[in-house]
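Enquirer: Before I ask anything, here is the structure I am working with.
The values are calculated or read from the model by the stated rules, or taken from the named source; none is laboratory data. Here the structure is a predicted model, which means the values were calculated and not measured. All Cβ positions, even for glycine, are placed from backbone atoms using ideal geometry, and neighbour counts span all protein chains on display. Side chains included, ligands, DNA and RNA excluded: accessible areas come from the protein's heavy atoms. Shrake-Rupley method; radii C 1.70, N 1.55, O 1.52, S 1.80 Å.
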Amino acid sequence: MPDFLSSVEFYVYATLVAAAIVAFLARPSSRGEARQHLLAGELSNATGRNWGEIATVQPAISLIVRDDGAVVLFRHGIDGVSTSGAVSLAITVIGFDITIEERIVPGNDIDEPIDTATFVLDFLAPDRYHLKYNSSATSRFATTTLLVRPDFNKQVNLIN
């Protein structure tokens, strides 16, 4: 037996076993299947501005978790959209990663302007999520951490 422990075959087998253990530990964890949700926003004019006035609100998102666990997402600083337009979100949830793609339809410019869209995300379990918000129409995005717990409140500016 002592001859086997000092043989080349023993070291080859030991190296193979060590490589298998490292490969097993280094493999990525399963993220789970993708869940997709499409939400239409409730449009409002929170600042009360008219079409001729310059938008002074920084484009941003606000996240508020209600007592029932639903997340209310406010999209502030929307410009060039009327009450006949639409703001919607395509939300993809994979594990603890949330990707939100904003879609904007301007509407008719003879209608009243809006600057805020409100969405209710009632499909998230209480946990910590990594959120990426992308607005292709405005070429802006934001990333943040979302903690789905009552009284969570966070505002994040959209950047270019």
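Enquirer: In the set V81, V71, which member is touching a strand residue (DSSP E or B) at 6+ places or on another chain (Cβ under 9 Å), more than 22 Å from N153 (Cα to Cα), among the aliphatic types (A, V, I, L, M) and in contact (Cβ under 8 Å) with a residue 24 or more places away in the chain? Break it down stepwise before answering.
Expert: Working: V71 fails: more than 22 Å from N153 (Cα to Cα).
Just a single option satisfies the conditions, and that option is V81.
The rows are residues; the columns are (1) at pLDDT 95 or above; (2) of a type outside the set (F, W, Y); (3) in contact with a strand residue (DSSP E or B) (Cβ under 9 Å, 6 or more places away or on another chain).
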site	(1), (2), (3)
G107	no, yes, yes
D111	no, yes, yes
A117	yes, yes, yes
Y133	yes, no, yes
R140	yes, yes, yes
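Enquirer: Out of the residues in region 89-99 that are part of a strand (DSSP E or B) and not aliphatic (A, V, I, L, M), state the one that is nearest to the chain's Cα centre (by Cα). Spell out how you get there, then give the answer.
Expert: First, the residues of region 89-99 that are part of a strand (DSSP E or B): 89-94, 97-99.
When the remaining residues are screened for being not aliphatic (A, V, I, L, M), the result is 92, 97, 99.
Values: T92: 8, D97: 7, T99: 4 Å.
The extreme case among them is T99.
Enquirer: Give the residues of region 39-67 that are loosely packed, with under 10 Cβ neighbours inside 10 Å and touching a residue at least 40 places away in the same chain (Cβ under 8 Å), sorted by residue number.
Expert: N50, D67 - these are the residues of region 39-67 that are loosely packed, with under 10 Cβ neighbours inside 10 Å and touching a residue at least 40 places away in the same chain (Cβ under 8 Å).
Enquirer: Would you confirm, using the coordinates I've provided, whether F152 is under 15 Å from A90 (Cα atoms) and more than 12 Å from the chain's Cα centre (by Cα)?
Expert: Working: under 15 Å from A90 (Cα atoms): no; more than 12 Å from the chain's Cα centre (by Cα): yes.
No, not satisfied.
Enquirer: With region 100-160 as the region, which strands (runs of 3 or more DSSP E) entirely inside it contain at least 2 residues that are buried (at least 18 other Cβ atoms within 10 Å of the Cβ)?
Expert: 113-121, 128-135, 140-147
Enquirer: Is it the case that L73 is touching a Lys or Arg at 6+ places or on another chain (Cβ under 9 Å), within 25 Å of L147 (Cβ to Cβ) and open to solvent by less than 40 Å² (accessible area, probe 1.4 Å)?
Expert: So L73 does not fit the description; no.
Enquirer: Moving on to the next point. Within region 8-24, how many residues turn out to be open to solvent by 90 Å² or more (accessible area, probe 1.4 Å), aromatic (F, W, Y) and over 40 Å from the mean Cα position of the chain (by Cα)?
Expert: 2
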